[in-house]
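Colleague: First the structure, then my questions, so here it is.
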Amino acid sequence: MKNILLLFILILIFASCKGNGKLNDNFGNKVFKDGSLNKTTKLKNIYAEDTIFCELVDVVRFFDKPIEQEDVDKFKKLDIKFTGDTIIIDRAKAIFVKDEIDSKKYFGKGSLYVFFTDYLLDKFNVNVKDKVTFLQLDYEDAAKKPFNYYFLKNDAIFTGDYLFLYNSDDYVLAFKKKTSKINFRDTYNNLNKLSLPLKYSFEFVSDEPNFINISKEYQKLLDLENFDNYSAIKLPQISKKLKPILLSAYDDTGQSILYLYIFSEDYKFLDKLELYYSYDVDSGNIVTLYDIDDKYNIKITKIEHKGDIERIIERKDYKINNSGKFVEVKK
């Protein structure tokens, strides 16, 4: 009789949790009303001017479903970050608000409450038994990809250093905010080295020989908000204090750009100079030529081609001062 009663209780718990493979109606939908932002609950910009990056630290799945390695590999590739009241997944953006509510109102009083309170406490030392902090997306943003897959009921638990996403395949994905400060040292030291002098060639800007890919987490450091797919190679140091590199990136139309960057001896970004942008070629038969000698005297020349005729439309000379800044040399 006891075994029959226990089995009946387990069936009730499973049924209350499953709900067609989704969370029950008590989960979420607490901040946005009628598809609009409730301004009274909107918090101030909790990240000031900084961008917070997140990394995947754990994956679990409900209903005894197997965790597929193919899915995990896909989740690991997610690029999630916050800036102000915006969450960015890969290149998609959504506005969110952050709020706090009674945990039993958020999860319901059944097995979801038990699972999340135990999981968060045991695995991450995060206590949500009484109150839970969560973020909720704007109604229109939540309907867009990939948010409609990763944000069931338009929201996600967001407490302490952790973000927990519950997706429509019953995965719970735990992300942790990266706490270490961005430091370019290790990336710089892993780059291949290129000697000078260096002159423009189509093969070089197309093939980027010996360039090494670098992480998107340096996007803000490199001042490349509108570019992606970074790769770089280092050049000879200047007076053992300045560390130049060549960096290639691509805009959202697939055009490549090549910069000369200068970093300090403690790997702080000092300045950058555009050497080449393939957009110039596509927009009107303009070719940008650069010439860097072994003393870092830099010449940049823009040449316009019209049929068999070519003419120089711009020529600039630069040098690098002791502070690591590019200075135009007037002649």
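Colleague: Quickly rank 198-205, 306-313, 75-82 as a protection proxy: mean count of other C-beta atoms within 10 Å, highest first. Mind dumping the intermediate values first?
Modeller: Values: 198-205: 13.8, 306-313: 8.5, 75-82: 15.8.
Descending packing order for the listed peptides: 75-82, 198-205, 306-313.
Colleague: Take each of the peptides 243-252, 214-223, average the number of other beta-carbon atoms within 10 Å over its residues, and list them starting from the highest.
Modeller: Numbers: 243-252: 19.4, 214-223: 16.7.
Going by the mean number of other Cβ atoms within 10 Å, highest first, we get 243-252, 214-223.
Colleague: Separate question: Looking at this model, which pairs from LYS145/LYS220; LYS272/LYS319; LYS81/LYS144; LYS98/LYS131; LYS144/LYS177; LYS129/LYS178 are more than 20 angstrom apart at the alpha-carbon? Before the final figure, lay out the partial values.
Modeller: On the way: LYS145/LYS220 24 Å; LYS272/LYS319 12 Å; LYS81/LYS144 17 Å; LYS98/LYS131 13 Å; LYS144/LYS177 24 Å; LYS129/LYS178 25 Å.
Result: LYS145/LYS220; LYS144/LYS177; LYS129/LYS178 exceed 20 Å.
Colleague: Determine the shape class of the range 127-212: with a ≥ b ≥ c the square roots of the Cα gyration tensor eigenvalues, call it rounded for a/c under 1.5, and otherwise prolate if a/b is greater than b/c, oblate otherwise.
Modeller: Prolate, because a/c is 1.5 or more and a/b exceeds b/c.
Colleague: Give the residue from LEU137, TYR113, ILE95 lying farthest towards the positive end of the charge dipole for the range 94-156; charges sit on Cβ (+1 for Lys and Arg, -1 for Asp and Glu) and the dipole is referred to the Cα centre.
Modeller: Towards the positive end, the residue furthest out is TYR113.
Colleague: Still on this model: By how many nm would the segment from ARG61 to ASN192 grow when fully extended, if each residue of separation counts as 0.36 nm and the alpha-carbon distance is taken off?
Modeller: Numbers: separation 131, 0.36 × 131 = 47.16 nm, distance 4.19 nm.
Taking ARG61 through ASN192 to full extension adds about 43.0 nm, to one decimal.
Colleague: Quick one: dipole size for the range 192-331, taken about the Cα centre, charges +1 on Lys/Arg Cβ and -1 on Asp/Glu Cβ, in debye to the nearest 20. Provide the component values of the computation, followed by the final result.
Modeller: On the way: 21 positive and 24 negative charges, 173 e Å.
Dipole size: approximately 820 debye.
Colleague: Distance in nm between label sites at LYS76 and GLU265, each 7 Å beyond Cα in the beta-carbon direction?
Modeller: Rounded to a tenth, the inter-label distance reads 3.9 nm.
Colleague: Sticking with this structure for a sec: So how much slack lies between GLU203 and LYS123, counting 0.36 nm per residue of separation and subtracting their Cα-Cα distance, in nm?
Modeller: Values: separation 80, 0.36 × 80 = 28.80 nm, distance 5.15 nm.
In short, 23.7 nm is gained.
Colleague: With +1 on each Lys and Arg Cβ and -1 on each Asp and Glu Cβ, and nothing else charged, work out how big the dipole of the range 48-201 is about its Cα centre, in Debye to the nearest 20.
Modeller: With only Lys, Arg, Asp and Glu charged at Cβ, the dipole is about 480 debye.
Colleague: A follow-up question, please. Provide the solvent-accessible area of PHE96, counting protein heavy atoms only and rolling a 1.4 Å probe, rounded to the nearest 10 Å².
Modeller: 10
Colleague: What is the range 188-265 by shape, rounded, prolate or oblate, if you read a ≥ b ≥ c off the alpha carbon gyration tensor as root eigenvalues and call it rounded for a/c under 1.5, prolate for a/b larger than b/c, and oblate otherwise? Walk me through the numbers before you get to the answer.
Modeller: Details: a/c = 1.96, a/b = 1.21, b/c = 1.62.
The shape class here is oblate.
Colleague: Using the Cα centre as the reference, give the magnitude of the dipole from point charges on the C-beta atoms of the range 143-195 (Lys, Arg: +1; Asp, Glu: -1; all else neutral), rounded to the nearest 20 debye.
Modeller: Numbers: 9 positive and 5 negative charges, 70 e Å.
In total the dipole reaches around 340 debye.
The values are calculated or read from the model by the stated rules, or taken from the named source; none is laboratory data. Remember, it's a predicted structure, so these values are computed and weren't measured experimentally. Because the Cβ atoms are built from the backbone with ideal geometry, glycine has one as well, and the counts that use them run over all protein chains shown. These accessible areas exclude ligands, DNA and RNA; they are computed on the full protein's heavy atoms, side chains included. Shrake-Rupley method; radii C 1.70, N 1.55, O 1.52, S 1.80 Å.
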